[in-house]
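J.: Attaching a single structure in C-alpha cells format; questions to follow.
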Amino acid sequence: MGDAAVEQAEDAAATASGAARWHAARVSKRVAIAAQVWLFELSPEAAYPFERVAPGAHIDVELPNGVVRQYSLLTHMADQPGRLVIAVKRDAL
C-alpha cells in the first residue's frame, strides 16, 4: 500500500448535500499488530489537512487500483495531529 485517496465526510462546514471530500494521502507508517493485521498511518499529500475526527469515525480509502474500501479510524486527531490511523486485515487470496 503506497499512495491512496481518503474520503471524509465534511465536518461542521458540510454542505447541505452531505458532500464528502477526497484527500490524496500516503502511508507514513505501517506496523504489524497481529497475524495478518497491519496498522496504517495515513498522512495528507497536500497542504490540505484532514478534518478533525474521533475514533470510530469511518473513512473510504481508494487504492491505486481503483478499489474503494471503508475503515474505522483508531486514533483521535489530538493524539496524532494531521494523520489518520486504520487497521487492515489481509484478505484471503
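The values are calculated or read from the model by the stated rules, or taken from the named source; none is laboratory data. What you see is a predicted model; the values in this text were computed from it and never measured. Cβ placement follows ideal geometry from the backbone for every residue including glycine, while neighbour counts extend to all protein chains displayed. In case anyone asks, the SASA skips ligands and DNA or RNA and just uses the protein heavy atoms, side chains included. Shrake-Rupley method; radii C 1.70, N 1.55, O 1.52, S 1.80 Å.
J.: Has the stretch 37-49 got at least one residue that is at pLDDT 80 or above, under 19 Å from Ala87 (Cα atoms), small (Gly, Ala, Ser) and surrounded by 13 or more Cβ atoms within 10 Å (Cβ to Cβ)?
T.: yes
J.: Considering only residues that are within 16 Å of Leu39 (Cβ to Cβ), open to solvent by 40 Å² or more (accessible area, probe 1.4 Å) and not hydroxyl-bearing (Ser, Thr, Tyr), look in the stretch 69-86 and name the one that is modelled with the lowest pLDDT.
T.: His76
J.: Also, I was wondering about something else. Select from the stretch 27-44 the residues that are touching a residue at least 40 places away in the same chain (Cβ under 8 Å) and within 12 Å of the chain's Cα centre (by Cα) and list them in ascending order. Explain how you work it out, then say what you get.
T.: Just the residues of the stretch 27-44 that are touching a residue at least 40 places away in the same chain (Cβ under 8 Å), to begin with: 28, 33, 36-43.
Those that are touching a residue at least 40 places away in the same chain (Cβ under 8 Å) and within 12 Å of the chain's Cα centre (by Cα): Ser28, Leu39, Phe40, Glu41, Leu42, Ser43.
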